[in-house]
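One structure is given here, and the rest of the page talks about it.
The values are calculated or read from the model by the stated rules, or taken from the named source; none is laboratory data. Note that the structure is predicted; figures quoted are calculated from it, not measured. For neighbour counting, all protein chains shown are included, and Cβ atoms are generated from backbone atoms with ideal geometry for every residue, glycine included.
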Amino acid sequence: MRLYFKYMSILFKSQMQYRTSFLLLCAGQFFVPFAVFAGMYFLFERFGGLPGWTFHEAALCFGVIQMAFALAECFVRGFDAFSRLIVHGGFDRLLVRPRGTVIQVLGSNFEFTRFGRMLQSAVVLGIAVSGLPVQWTPAKIITLILMIFGGMTVFSGIYILAATFCFWTVQALEVANIFTDGGREMAQYPLDIYAKWVTRFFTFIIPFGAVSYLPLLYILDRTDGPDLLYMAMPLASLLFLLPCLAVWRIGVRRYRSTGS
Amino acid sequence: MNAPLSLLKMRFLTGLQYRAAAAAGILTQFFFGLIFIMVYVAFYAHSGEAQPMTLKEVVAYVWLQQMFFALIVLWQFDGELFELITGGNIAYELCRPWRLYPIWYAKLLAARLASASLRCLPVALVVFILPEPYRMPLPASPAALLLFILTLLSGLLLVAAISMLVYISVFWTMSPVGSVLMIAVAGEFFAGMIVPVPLMPGWMQTLAGLLPFRWTVDFPFRVYTGHIGVQEALAGIGIQLIWLAALAAAGEWLMGRALKRVVVQGG
């Protein structure tokens, strides 16, 4: 863990060398989801709401997922950009070092410009929280935090899985974008507005539903059943992450260098 | 054949090589289309009142957006051209015996055409036979179809002219990311890529009407569904061409100024 922070501080310093570019990118990262959020707001204004959801409830969902996505893009960027390590043969260097591969790949890249995105998500979360008539008990605050970290775990799992495929394909698989960008676009609205097959797939296979929709029901007091179950739902993201890490291990064992 | 045209052809053929990327892109666009439609279905289900656009028109809008994504999206930028400017290799370009603006313009056009022609047809084949409510409706009339193709193409010329301005701005800023991101975000919003323009609040629609962006996306798509009638569409093509002439002239002029003061440092 110390190593991870060491990597982080070095990369942070190196990215800060181009300060103007860094700030501009941060600003850009702020405005990209901002435009999407504005679109969502205008749709709510035009149509008055979604079946069973008000604007602030949906905004909470949006904020949680965007925050989770921004955190994953910032701190798990190494896996997202992993194909470069394979193509250029940089992965060979990691293998000869006496540390685990996961921590080294994680440390190989950080995208600190995602701070802009995090700030935007924080603003949305602020709007949602202040607009909702919810009694914020400690249990609910913990649930909210769990949701964000659960979401980050799910995105990380997808990145790791996509990176693992690079061991076989060398090139990055763009199909993974369906699950990262697509998953984000989808999960920023409450999941029950979608067709059944979408909801099922994104609850039981890739557990976005478990980190956003189900715990959201608890926060909004709409559960029927034991609250603890809904609260603990974001932990299901770990069930998704573990197989991804297992597949990663298999991939590392099968790795053949490209030689470049 | 003259230089810009043959370059257009060469670039187009290069672009066609990236089939695997296109296949992935098709799947992604298909998924996004379905998701967006589901969101709109839910919104329309909630509000019983009549809206400025019917659900059917929105569905057509969403699919057209996904089909012609590569053609109209502002977001797509050619890293090679940025490299030329920031890396100093622009010096070689300047040695060549041609005017730079048409050449670069042709490059941009070719990349868009190639990527769109790979992606458009497979999506089109599927969306017309999807079950309701996802099925893509047919064009409002043969005239609407013809006008749609015309407006889409002049929209493409327009979007390439807009992105040329972004490239030219890099001569001054030297860092592509900032200007690109800002223009792309604002441009896409006012083009109607995030929410169709008729569904925006009134003041926003007025603002969108004053900017060139909506003529590249919102206008051709609504011509397809007949939301914009034949008369209005014909007048719209005139406005598209005026914008095109204005932006291309501005681009050409700015580029001339930028090239006069360009300083290449070693290389």
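Of the residues making up the stretch A:166-221, those that are surrounded by fewer than 16 Cβ atoms within 10 Å (Cβ to Cβ), more than 20 Å from A:Trp53 (Cβ to Cβ) and touching a residue at least 12 places away in the same chain (Cβ under 8 Å) number 3.
Can you pull out the residues in the stretch A:18-55 that are touching a residue at least 24 places away in the same chain (Cβ under 8 Å), under 22 Å from B:Ala45 (Cβ atoms) and either among the polar types (S, T, N, Q) or at the interface with chain B (Cβ under 7 Å from one of its Cβ atoms) (or both)? Answer for the stretch A:18-55, where residues must be touching a residue at least 24 places away in the same chain (Cβ under 8 Å), under 22 Å from B:Ala45 (Cβ atoms) and either among the polar types (S, T, N, Q) or at the interface with chain B (Cβ under 7 Å from one of its Cβ atoms) (or both): A:Val36, A:Leu50, A:Pro51. Could you list, in sequence order, the residues of the stretch A:89-109 that are assigned to a helix (DSSP H, G or I), touching a residue at least 40 places away in the same chain (Cβ under 8 Å) and surrounded by fewer than 19 Cβ atoms within 10 Å (Cβ to Cβ)? Hits for the stretch A:89-109 are A:Asp92, A:Leu95, A:Thr101, A:Val102, A:Ile103.
The selection criterion, being aliphatic (A, V, I, L, M), more than 14 Å from chain B (Cβ to nearest Cβ) and within 30 Å of A:Leu125 (Cα to Cα), does not hold for A:Leu191. Of the residues making up the stretch A:113-136, those that are in a helix (DSSP H, G or I) and surrounded by fewer than 19 Cβ atoms within 10 Å (Cβ to Cβ) are A:Phe115, A:Leu119, A:Ala122, A:Val123, A:Gly126, A:Ile127, A:Val129, A:Ser130, A:Gly131. Regarding B:Ala114, is this residue touching a residue at least 24 places away in the same chain (Cβ under 8 Å), under 30 Å from B:Ala20 (Cβ atoms), crowded, with 20+ Cβ neighbours inside 10 Å and small (Gly, Ala, Ser)? In short, yes.
Select, from B:Leu130, B:Leu94, B:Leu84, B:Leu121, the only residue that is more than 20 Å from B:Pro220 (Cβ to Cβ), assigned to a helix (DSSP H, G or I) and without any contact (Cβ under 8 Å) to a residue 12 or more places away in the chain. Before you say what the answer is, go through the steps one by one.
Numbers: B:Leu130 fails: assigned to a helix (DSSP H, G or I); B:Leu94 fails: without any contact (Cβ under 8 Å) to a residue 12 or more places away in the chain; B:Leu121 fails: more than 20 Å from B:Pro220 (Cβ to Cβ).
After applying the criteria, what remains is B:Leu84.
Of everything in the stretch B:197-254 that's among the hydroxyl-bearing types (Ser, Thr, Tyr) and closer than 27 Å to B:Pro137 by Cα, which residue is surrounded by the fewest Cβ atoms within 10 Å (Cβ to Cβ)? Checking each candidate, the answer is B:Thr225.
Kindly evaluate A:Ala72 against the criterion of being assigned to a helix (DSSP H, G or I) and more than 14 Å from chain B (Cβ to nearest Cβ).
When the stated conditions are applied, A:Ala72 passes them.
If we scan the stretch A:224-231, do we find a residue that is among the hydrophobic types (A, V, I, L, M, F, W, C) and either surrounded by 20 or more Cβ atoms within 10 Å (Cβ to Cβ) or closer than 26 Å to A:Glu111 by Cβ (or both)? Among the residues of the stretch A:224-231, at least one is among the hydrophobic types (A, V, I, L, M, F, W, C) and either surrounded by 20 or more Cβ atoms within 10 Å (Cβ to Cβ) or closer than 26 Å to A:Glu111 by Cβ (or both), which makes the answer yes. Here B:Ala140, B:Ala186, B:Ala144, B:Ala160 are screened, and the one residue that is surrounded by fewer than 17 Cβ atoms within 10 Å (Cβ to Cβ) and hydrophobic (A, V, I, L, M, F, W, C) is B:Ala186.
Summed over the stretch A:137-195, the residues that are closer than 25 Å to A:Arg249 by Cα, among the hydroxyl-bearing types (Ser, Thr, Tyr) and not in a helix (DSSP H, G or I) give a count of 0. In this structure, does A:Gly63 turn out to be under 12 Å from the mean Cα position of the chain (by Cα), at pLDDT 90 or above and small (Gly, Ala, Ser)? Yes. Here the helices (runs of 4 or more DSSP H) wholly within the stretch B:1-67 that include at least 3 residues being more than 11 Å from every other protein chain (Cβ to nearest Cβ) and surrounded by 21 or more Cβ atoms within 10 Å (Cβ to Cβ) are B:55-67. Looking only at residues in the stretch A:156-179 that are within 10 Å of chain B (Cβ to nearest Cβ) and not small (Gly, Ala, Ser), the one that is farthest from the chain's Cα centre (by Cα) is A:Thr169. Determine whether A:Ile86 is modelled with pLDDT of 90 or more, buried (at least 18 other Cβ atoms within 10 Å of the Cβ) and either within 12 Å of chain B (Cβ to nearest Cβ) or in a helix (DSSP H, G or I) (or both). For A:Ile86, the condition - modelled with pLDDT of 90 or more, buried (at least 18 other Cβ atoms within 10 Å of the Cβ) and either within 12 Å of chain B (Cβ to nearest Cβ) or in a helix (DSSP H, G or I) (or both) - is not met. Within the stretch B:218-238, residues that are more than 13 Å from B:Ser154 (Cα to Cα) have Cβ atoms under 9 Å from residues that are crowded, with 22+ Cβ neighbours inside 10 Å and among the basic types (Lys, Arg) in these pairs: B:Ile228/B:Arg222, counting only partners at least 6 apart in sequence or on another chain.
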